[in-house]
Amino acid sequence: MTLINFKSCFATLGILAASYIANAQVPVKLIDPANMELSVKPGDDFYRYASGIWVKNNPVPAKETRWGTFNSLRDFNIIAVKSIVEDAASDKTAAIGSVKKRVGDFYASAMDSIAIEKLGYTPIKADLAKIEQIKTIQNILDEVAYMHTSGIGGPMFGFSVGQDRKNVSKYVTQLSQGGTTLPDRDYYLSNDTRSIKIREAYNTYLTTLFTLTGTLPTDAQKKATTVMAIEKQLAEASMSRLEMRDQYKTYNKFTVSDFSKITPNITWAKILTKFKVIGQDTMLVSAPKFFVSLGIMLKSVSVSDWKTYLEWNILKGSASNLSSAFVKANFAFSQAQSGQKVETPRWQRMSQLTDGTIGELLGQLYVAKYFKPEAKARMAELIDNLRKAFEIRIKNLDWMSDATKEKALAKLHAFVPKIGYPDKWRNYDGLAINRTSYFQNLREAGVWSYNEMISHLGQPVDRTRFGMTPPTVNAYYSPTMNEIVFPAGILQFPFFDPKADDAVNYGGIGAVIGHEMSHGFDDQGSQYDKEGNLRNWWADEDKAKFDAKTKALGDQFDAYTVLDTVHVIGKLTMGENIGDLGGLNVAYTAFKMTKQGQANDKTDGFTPDQRFFLSWAQVWRGNILAETAAQLIKTDPHSPGPYRTIGAPVNMDAWYKAFDVKPGDKLYKKPEDRIRMW
């Protein structure tokens with residue numbers, strides 16, 4: 001989550017959260033039969049037909065947890081980013097204070113493993129000593145505030161500043177449930193084999209880190225038990241991921257004084273001052289019951305146990321940035337969850353960390369070297385075409401009234417597209433970067449980011465911001481901004497190539513554009529109006545029809561099996577599935593407006609419509625480790641690649657016609673059962 005709370009309220013394409021892609025060499029054949037399993041009928045298994053040979057020939061590398069088309073392209077771009085940061089680090093002539101100098105110094109400090117090794121856990125000794133001085137529950141709360149504001153991490157609960165979803169012109173203080181370590185509350189509460197295995201790995205991680213900081217093994221185990229008990233209580237008090245998708249249930253506005261009345265042992269006016277929040281009399285709370293339970297815990301859990309919990313938060317927040325013993329323990333815990341075979345090379349981790357920490361400094365160097373102006377111009381043209389296609393589709397809907405259509409069109413016309421990189425760069429003014437102080441650089445960056453977030457309170461909402469850095473291979477829609485955003489990193493093949501035929505571009509980046517537009521009309525985004533406010537603009541009858549369609553789509557995805565008896569969770573993935581279904585339909589409508597789309601000339605043996613759907617399919621081909629797949633099915637709002645490949649096409653008449661899919665084929669759905677939404 002970004003510090004100004006963009007990612008808590010925007011829907012992403014969901015490819016790879018921190019991936020890269022740039023200037024990849026486009027294959028001679030944009031749709032290559034050599035990657036396809038042509039012996040399989042498209043109507044039986046479109047995923048294997050489109051990508052079967054590629055999948056067989058591209059297992060997951062040891063340093064990865066999954067591997068797909070854009071992973072291989074990401075590797076090319078990781079090298080490109082590596083060349084940027086290494087060039088910056090080695091440039092002795094870069095001016096002090098320049099973008100290149102600051103990027104180079106940050107990366108150089110991160111790569112100085114000898115200095116980092118010598119320090120051991122010295123960088124956090126003062127933090128641990130500070131916790132030892134705690135005597136009271138108020139001291140505990142003061143320390144929680146200090147940790148949130150000092151670049152250490154955010155224990156106990158989530159805190160941010162973001163747009164008020166019902167008054168998006170204003171920033172507001174926001175509180176959310178948090179304080180746990182495992183990726184989902186169910187890992188604390190479920191007793192299935194996988195959950196037990198992960199809890200055991202977590203216990204090992206806990207005891208290892210406590211031991212590495214001088215705690216005796218028996219005492220380390222006691223501390224581990226204490227932390228697990230506290231986090232389990234926090235998990236029990238937390239809402240599930242499905243509950244958190246309810247946009248109204250998670251919108252709860254309180255005055256500071258009123259919220260203090262329902263949260264025993266917590267005086268929010270006092271705490272907010274420690275969080276540097278001044279002059280704010282209201283706040284948004286996503287999960288009020290969580291904070292009621294937390295208030296009770298502050299009295300029922302001893303000060304000593306809370307100290308152990310805070311100590312753990314310092315350890316886990318720092319482990320990946322300390323000496324090798326800590327890094328190895330951190331990876332071992334990650335490995336138990338994901339199945340990754342070997343640790344990602346340090347240079348790659350530090351390149352990504354540079355992007356994640358000072359991304360708009362690195363982004364300036366990246367864009368200057370790798371992003372072409374013609375790509376931005378072509379994207380603007382495609383977005384315009386997709387918007388026209390979406391308008392046509394809304395006007396032709398047979399299930400929506402004219403009054404609701406008018407409001408939907410108003411929202412569509414209000415979409416703000418952002419392409420490539422921000423018009424106004426964040427230059428991180430005041431952030432000190434020292435070439436010889438890696439850990440301090442991270443702390444300084446954390447403090448800077450927190451202070452920048454707090455500075456938004458009382459200020460106009462900044463609509464120039466990007467929620468992703470330029471090299472990111474992803475895209476997103478923000479309902480509160482009503483904007484669709486495409487970082488430079490995604491504007492490459494297989495999504496986009498200015499020289500590719502329209503079938504490939506519309507089946508790739510066209511579907512991505514349509515996907516993000518459709519997020520404005522998915523089960524969550526459709527609850528926001530054209531200004532971005534959480535407000536119902538639907539006629540009741542139209543909303544009931546839409547809800548029936550979403551239920552049908554949920555049922556479709558619930559039926560897909562991922563591992564053994566584990567199924568896709570249709571309600572969790574609903575927004576992304578609607579994005580895919582709407583996006584591919586809109587992209588196809590736009591494609592049919594092009595010269596190629598109106599013709600039937602074959603290229604490399606495939607018709608234009610076949611190339612369109614095959615372009616879509618090759619975006620989602622890939623392999624994934626079983627451990628990672630099992631975790632993502634609980635935590636990721638995106639369906640697995642094989643089901644994204646087929647989920648939308650099986651509801652489109654054009655796909656049936658393109659591949660001559662008929663009754664009796666395994667993927668066949670009767671015309672009356674095909675889900676027609678946007």
Cα Rg over Rh - segment 26-76, Kirkwood:
1.02
What pairs in Lys82/Lys424; Lys101/Lys341; Lys411/Lys551 have C-alpha atoms more than 29 Å from each other?
Lys101/Lys341
Which loop-located chymotrypsin sites (Phe, Trp or Tyr not before Pro) does segment 357-409 contain, where loop means any DSSP state but H, G, I, E or B and the Cβ has at most 14 other Cβ atoms within 10 Å?
Trp399
For Asn167, residues with placed amide H under 5 Å, excluding near neighbours:
Leu534
The chain, relative contact order [Cα under 8 Å, separation at least 6], %:
22 percent
Can you list the HN-Hα couplings for segment 500-505, worked out from phi with the Karplus curve (6.51, -1.76, 1.60; θ = phi - 60°), rounded to whole Hz and with x for Gly and Pro?
6, 5, 4, 4, 5, 5
Go through Lys405/Lys657; Lys405/Lys549; Lys388/Lys571; Lys197/Lys307 and tell me which ones have a Cα-Cα distance over 20 Å in this structure.
Lys405/Lys657; Lys388/Lys571; Lys197/Lys307
Along Cα→Cβ, 7 Å out, is where each label goes; now give me the distance between the ones at Asp402 and Glu132 in nm to one decimal.
7.8 nm
Among the listed pairs Lys170/Lys372; Lys130/Lys249; Lys29/Lys592, which have their C-alpha atoms separated by more than 28 angstrom in this model?
Lys170/Lys372; Lys130/Lys249
Long-range amide H contacts for Asn252: which residues qualify at under 5 Å (H placed 1.01 Å from N, peptide plane, sequence gap of 5 or more or a different chain)?
Val285
How high is the relative contact order of segment 121-321, given as a whole-number percent (alpha carbon pairs under 8 Å, six or more residues apart)?
30 percent
HN-Hα J in Hz across segment 274-282 - Karplus 6.51, -1.76, 1.60, θ = phi - 60°, x for Gly and Pro:
5, 7, 6, 8, 10, x, 9, 9, 10
Can you sort Ser323, Ser455, Ser109 from fewest to most other Cβ atoms within 10 Å of each residue's own Cβ?
Ser455, Ser323, Ser109
Given charges at Cβ of Lys, Arg, Asp, Glu: segment 121-321 dipole, positive-most of Ala145, Leu182, Tyr121:
Ala145
Between Lys197 and Ser169, what is 0.36 nm times their sequence separation minus the Cα-Cα distance? Round to one decimal in nm.
5.5 nm
Considering segment 308-431, what Rg and Dmax in Å follow from its alpha-carbon atoms?
23.3, 64
So between Glu672 and Ile96, what do we pick up on full extension, going 0.36 nm a residue minus the alpha carbon distance?
200.7 nm
Rounded FRET efficiency, nearest 0.05, which uses the C-beta distance separating Asn265 from Val40 and R0 of 60 Å:
0.45
Can you bin segment 262-345 into rounded, prolate or oblate? Criterion: square roots of the alpha carbon gyration tensor eigenvalues sorted a ≥ b ≥ c, rounded for a/c under 1.5, prolate for a/b above b/c, oblate for the rest.
prolate
Ranked by how many other beta carbons lie within 10 Å on average, peptides 89-100, 548-559 from highest
548-559, 89-100
Are there GluC sites (Glu not before Pro) in segment 476-536 that DSSP marks as loop and that have at most 16 other Cβ atoms within 10 Å, and which are they?
Glu531
Segment 121-321, dipole about Cα centre (Lys/Arg Cβ +1, Asp/Glu Cβ -1), debye to the nearest 20
300 debye
Order of 133-140, 313-320 by packing, highest average Cβ count within 10 Å first?
313-320, 133-140
Listed by chain and number, the residues whose amide H is under 5 Å from that of Leu572, excluding neighbours fewer than 5 places away on the same chain and using placed H, are none
With viscosity set to 1.567 mPa s at 4 °C, what whole-number translational diffusion coefficient in µm²/s follows for segment 543-613 from Stokes-Einstein and a Kirkwood radius over Cα pairs?
90 µm²/s
Give the aspartates and glutamates whose C-alpha is closer than 19 Å to that of Lys135, dropping any in the same chain fewer than 8 places away, or say none.
Asp127, Glu143, Asp305, Glu311
Dimensionless Rg ratio for segment 121-321, taking C-alpha atoms and the 2.2 N^0.38 Å reference
1.05
Considering every Cα-Cα pair within the chain, what fraction, in whole percent, is farther apart than 42 Å?
26 percent
Sorting Phe613, Phe439 on the 10 Å Cβ count, fewest up front, what's the list?
Phe439, Phe613
Distance between modelled label sites at Ala414 and Lys341, nm, 7 Å Cα→Cβ extension:
5.1 nm
Please give the calculated 222 nm ellipticity per residue for the chain, where each DSSP H segment of at least 4 residues contributes -39500 (n - 2.57) and the sum is spread over every residue; nearest 500 deg cm²/dmol?
-16000 deg cm²/dmol
Pop out the ³J(HN,Hα) list for segment 260-267 in order, Karplus 6.51 cos²θ - 1.76 cosθ + 1.60 with θ = phi - 60°, rounded to Hz; leave Gly and Pro as x.
4, 5, 9, 10, x, 6, 10, 9
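Each reported figure results from applying straightforward, stated rules to the coordinates on display, with no laboratory input. Not measured: the values here are computed from a predicted model. Glycine gets a Cβ as well: all are built from the backbone with ideal geometry, and neighbour counts include every protein chain shown.
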